[in-house]
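*Asks:* This is the structure I have questions about; it appears just below.
The values are calculated or read from the model by the stated rules, or taken from the named source; none is laboratory data. Computed from a predicted structure; not experimentally measured. Heads up, the Cβs are rebuilt from the backbone with ideal geometry, glycines too, and the neighbour counts pull from every protein chain shown.
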Amino acid sequence: MFSFQVMGGKSVRAIIETSRPEIFAQVRETYLAHHRGATINPNSYFLRFPDRPDARIIALPAALPEEAPGDGDAAGGVAGIKWIGSFPGNLARNVPRASAVLLLNDLETGYPFACLEAAQISAARTAASAVLGAEQLHGSRRAAKLAVVGAGVISRNILEFFHALDWSFTETVVHDTVEEYAKKSAGHAGALGFRARTSTGLDDAVDGADLVVLATTAGAPYILDPGALAAGQSVLNISLRDIGPELIAASHNVLDDVEHCLNAGTSPHLAVQKFGHRDFIDGTVAQLVLGELRLGRDRPRIFSPFGLGVLDLAVGREILRIGREHGRVQDVPDFFAEVERW
């Protein structure tokens, strides 16, 4: 009960690099558990700063009461919280935008038993969620053209999950407002075996793409042209705020959790505020997985995942389990000062 362990980011990253298919499966199964009501996932809490409106630190509390088969020492339910900072100003320092920790708590006693560096976990679960959405919207793991808009950590992880799950693209086109970042991202895609180039502009990247990944730091919509997205095009709205409300309302929309996503100025939230209804929201990615939802190709297909804390718990617990097996977890002796009441 009173043991406490820590996993650093390098150990977490090393496990992710060899476990992407397993992480993808964890994310898929957690979405299904959430769909059947087997999770606890309250609203996220946003800590904002008046002098830096683009910066925030977000608390994502959650619990997975269900026992996960095959988890070994980590079997049984788990609660926890991800505490993740998002500071876009870091990019000017060539520092990643996001930093995070994940605390895991025992459901029997409430005692925390592990702390993991979680920027890697957050990026991995986001990427796995994106690729699951891509598979469900697009219908296969093959596409002629992939457009990547935003050449940062998240899109890099998404490319790595595409590679690990054996996706193939005839062409990958990367767009970023900073040309140097776009070149580095295209180079990374090339190293993964994708035929990649940088774009001459946003239109060049998106036009004719079967699959579009939006992974930017945009705080407000900039894709506003009614013809910017094509019928049948699958769009992963990972950064959540790139697409204007008119385009959202004119598209098929799939979310990870409807109520969670209609918050915090996301593109679907702005569309509901503007039009006063949510008729343009088709359902959730779990419903697609289960075959409860079918989308036509008469409009763009947009997946907007708000990000669920239960995904971080599921992925973090799996990484901790593997880390224990490979000796990558550090014990912290005497972390709790009092282990008896008297």
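*Asks:* Between a residue in segment 114-130 that is without any contact (Cβ under 8 Å) to a residue 40 or more places away in the chain and any residue that is assigned to a strand (DSSP E or B), which pairs come within a Cβ distance under 8 Å, given they are 6 or more apart or on different chains?
*Replies:* Ala123/Ala98
*Asks:* Quick one: which residue in Asp282, Asp256 is out of contact with any helix residue (DSSP H, G or I) (no Cβ under 7 Å at 6 or more places or on another chain), modelled with pLDDT of 95 or more, closer than 17 Å to Pro305 by Cα and assigned by TED's automatic domain parsing to the domain that holds Thr172?
*Replies:* Asp282
*Asks:* Look at segment 90-129 and say how many of its residues are crowded, with 19+ Cβ neighbours inside 10 Å and in contact with a Pro (Cβ under 7 Å, 6 or more places away or on another chain).
*Replies:* Residues meeting the conditions: 4.
*Asks:* From Val315, Val310, Val289, grab the single residue that is modelled with pLDDT of 95 or more, more than 15 Å from Gln120 (Cβ to Cβ) and crowded, with 22+ Cβ neighbours inside 10 Å.
*Replies:* Residue meeting the stated conditions: Val310.
*Asks:* Just wondering, is there one or more residues in segment 157-171 that are part of a strand (DSSP E or B), in the same structural domain as Glu292 (by TED's automatic domain parsing), buried (at least 18 other Cβ atoms within 10 Å of the Cβ) and modelled with pLDDT of 95 or more? Reasoning before the result, please.
*Replies:* Here is the first cut: in segment 157-171, the ones part of a strand (DSSP E or B) are 168-171.
If we keep only those that are in the same structural domain as Glu292 (by TED's automatic domain parsing) too, we end up with 168-171.
Pick out the ones that are also buried (at least 18 other Cβ atoms within 10 Å of the Cβ) and you get 169.
Subsequent filtering for residues that are modelled with pLDDT of 95 or more retains 169.
Among the residues of segment 157-171, at least one is part of a strand (DSSP E or B), in the same structural domain as Glu292 (by TED's automatic domain parsing), buried (at least 18 other Cβ atoms within 10 Å of the Cβ) and modelled with pLDDT of 95 or more, which makes the answer yes.
*Asks:* State yes or no: is Phe306 among the aromatic types (Phe, Trp, Tyr) and touching a Cys at 6+ places or on another chain (Cβ under 7 Å)?
*Replies:* Yes: the conditions hold for Phe306.
*Asks:* Quick one: is Phe24 in a strand (DSSP E or B) and within 19 Å of the chain's Cα centre (by Cα)?
*Replies:* Considered against the rule, which asks whether it is in a strand (DSSP E or B) and within 19 Å of the chain's Cα centre (by Cα), Phe24 comes out as no.
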